[in-house]
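A.B. asks: Structure incoming, see below.
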Amino acid sequence: ASADQWKGKSIYQLFTDRFAPPSDTAPARTSPLPAICDPALQTWCGGTWLSIIDRLDYIQGMGFDAIWISPVSQNIDVYTPYNYAYHGYWVNDPLTLNPRFGTADDLKALSASLHSRGMYLMVDVVVNNIPGVSAKDAVSSETLIADGSRWTDPSEFHPQCSIDYSNATSVEYCWLGDDKLPLMDVNTENPTVVNTLNSWIGNLTSTYGIDGLRVDAAKHVPGPFWTGFCKASGVFCIGEVYGSDIEYAASYQTEGWMDSVLGYPLYYGITSAFGSPSGNMSHFVDVASQVLASFPTPGLLGNFIENHDLPRWRNTTADAQLAYNAMVAQFIFDGLPIVYYGQEQDFSDGANDPYNRAALWPSNYANSSTYNHIKKLNDIRHAVINNGTQFQGKNFLDSQTKIVASTKTDVAFRKGPLLAVLTNRGSPSESQSFGVPTSGWASQSNVIDLLSCKPYTVGSGGAISVSYAAAGYGGMPYIFVSQNDAKALKLCGDV
Ligand code: ABC
Ligand code: CA
């Protein structure tokens, strides 16, 4: 699917090994299976492509229309100083499927099952590096063969050096990983490498019906490589450009290297504003404004508040209202929301890899409050998108987010017909309120908060005021629409 077809989608990111256990319909590919899945052990817990199918109702029931799965290529299958390749990122041969996750038919079955539900499949791809179990400082044909590497000629790698993150060339040519487990840097200027990877990726997406790619370690490969690679893939590419540098991240779109990138800059903005009750709201406002000004198409950014490399949100911030506010920012701001599996179950173990990668099954896939909050946010997006609801002649997807008011603790932003009013006050109630001076609606008109379905009347000059006095709910988030739109969207019954 193209970037245009991905606009408006929302994505559930899962770890193939950790999302759903093997079952009668999904035989185990790991033997023996551990009795319990302990993330500290950094080994396989048994999830497969087929076991994902068993739980698609749970994902679709939360309103997602796409999933992003772990890399599908073969990994090293040996013990390392960081144990085993359960996460799928230690690809030694991109061209072969990972037998730990299933067979070619299993991957086709997953893709077909998603498509029959109208959902998209996004696959993570790793091409920058290959783990060097035998090669430590230098590669030779012998070490490469011992490591099962697809590339066996030393000229197909860049010489070993450690990354200096202050130097872009070093980031592109030096090696990720560390002394204990080097990640050998593939020579992505070598014509054999380039041609092999380009023809492989086109084949992979068409053979397995893959609709989009999450491009691992995008900033570690010179940009022009991705222009050819993503074109050869024929599908939407979203790159991992890990860091807070907005201009640099935006260059992936401005230079035409790929369709989009993960929303790391906004992640840092959301975290600093909503990560604690004394958070820095003005930092969020700054980051948001710069993101909107720098990216040609912010509507394609992948917005997240957790992933497999970052602490669980609830590990750093226990307060439920702060999480709910952060998620409204994640879902309503320009971009594609990406929820990391377990976020909907308030997983809080995991300040770091590997603890942020627990199995989902002990949650019993419960209908938790956060599951329902996420479902509501997806329902709101679907309703405004499908209904084509407009504000000042523009619909939700075609309007760019606009910050309309902010204080030290509050922010209000509009995207098309929706006005999000957020705060980092947290759960305790306060006899305080926040007035948005110009909501965009006429004074005396009626609006509805889609999260509570309660009606509000717009005050003089178009102001909307919200109160943080409700016992136990204190700093809750609001998503306003006009009463007419609320009627048309049918999310709040007879309003
Ligand atoms: C293994 C063990 C871990 C152990 C680690 C040392 O080794 O499992 O327990 O702690 C895969 C596996 C990992 C594994 C690694 C290494 O391989 O998943 O479990 O860790 O063997 C991608 C993937 C990631 C994957 C790889 C490697 C790449 O999402 O899961 O890891 O294929 C860098 C890369 C980025 C990479 C990330 C993990 O590391 O750029 O591609 N992710 C700075 C840099 C970033 C850097 C980041 C973390 O540090 O700018 O480029 O990411 O090292 C902000 C700044 C940022 C700064 C952050 C920390 O602070 O603005 O710039 O980021 O304020
Ligand atoms: Ca590289």
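A.B. asks: Any residue that is more than 14 Å from ligand 1 (Cβ to nearest atom), of a type outside the set (S, T, N, Q) and at positive phi - is there at least one of those in the stretch 101-115?
C.D. replies: The answer is yes, given that some residue of the stretch 101-115 is more than 14 Å from ligand 1 (Cβ to nearest atom), of a type outside the set (S, T, N, Q) and at positive phi.
A.B. asks: Against the definition (modelled with pLDDT of 95 or more and assigned to a loop (DSSP other than H, G, I, E, B)), how does ASP309 come out, yes or no?
C.D. replies: Here the answer is yes, as ASP309 does meet what is asked.
A.B. asks: Might you check whether a residue that is of a type in the set (Gly, Ala, Ser), assigned to a helix (DSSP H, G or I), crowded, with 20+ Cβ neighbours inside 10 Å and at pLDDT 95 or above occurs anywhere in the stretch 408-430?
C.D. replies: No, because not a single residue in the stretch 408-430 is of a type in the set (Gly, Ala, Ser), assigned to a helix (DSSP H, G or I), crowded, with 20+ Cβ neighbours inside 10 Å and at pLDDT 95 or above.
A.B. asks: Check GLY88 against each of (1) touching a residue at least 40 places away in the same chain (Cβ under 8 Å); (2) at negative phi; (3) small (Gly, Ala, Ser) and name the one condition it does not meet.
C.D. replies: (2)
A.B. asks: What number of residues in the stretch 441-495 are not β-branched (Val, Ile, Thr) and not in a loop (DSSP other than H, G, I, E, B)?
C.D. replies: So the count comes out to 20.
A.B. asks: If ARG314 meets every condition in (1) touching a strand residue (DSSP E or B) at 6+ places or on another chain (Cβ under 9 Å); (2) surrounded by 21 or more Cβ atoms within 10 Å (Cβ to Cβ) apart from one, which number is that one?
C.D. replies: (1)
A.B. asks: Would you mind telling me which numbered condition in (1) among the small types (Gly, Ala, Ser); (2) part of a loop (DSSP other than H, G, I, E, B); (3) at pLDDT 95 or above SER31 fails?
C.D. replies: (3)
A.B. asks: Among the listed residues VAL139, VAL123, identify the single one that is within 17 Å of ILE69 (Cβ to Cβ), of a type in the set (Val, Ile, Thr) and in contact with a strand residue (DSSP E or B) (Cβ under 8 Å, 6 or more places away or on another chain).
C.D. replies: None of the other options fit; the residue is VAL123.
A.B. asks: Among the helices (runs of 4 or more DSSP H) contained in the stretch 139-257, which hold 3 or more residues that are more than 15 Å from ligand 2 (Cβ to nearest atom)?
C.D. replies: 141-146, 191-208, 223-233, 246-254
A.B. asks: Something else: Return yes when GLY275 is within 15 Å of ALA329 (Cα to Cα), out of contact with any helix residue (DSSP H, G or I) (no Cβ under 8 Å at 6 or more places or on another chain) and surrounded by fewer than 23 Cβ atoms within 10 Å (Cβ to Cβ) and no when it is not.
C.D. replies: no
A.B. asks: How do the strands (runs of 3 or more DSSP E) wholly within the stretch 36-118 filter down when requiring 1 or more residues that are closer than 22 Å to PRO311 by Cβ: which remain?
C.D. replies: So the answer is 66-69.
The values are calculated or read from the model by the stated rules, or taken from the named source; none is laboratory data. Small disclaimer: the values here were computed from a predicted structure and weren't measured. So basically every Cβ, Gly included, is an ideal-geometry build from the backbone, and we count neighbours across all protein chains shown.
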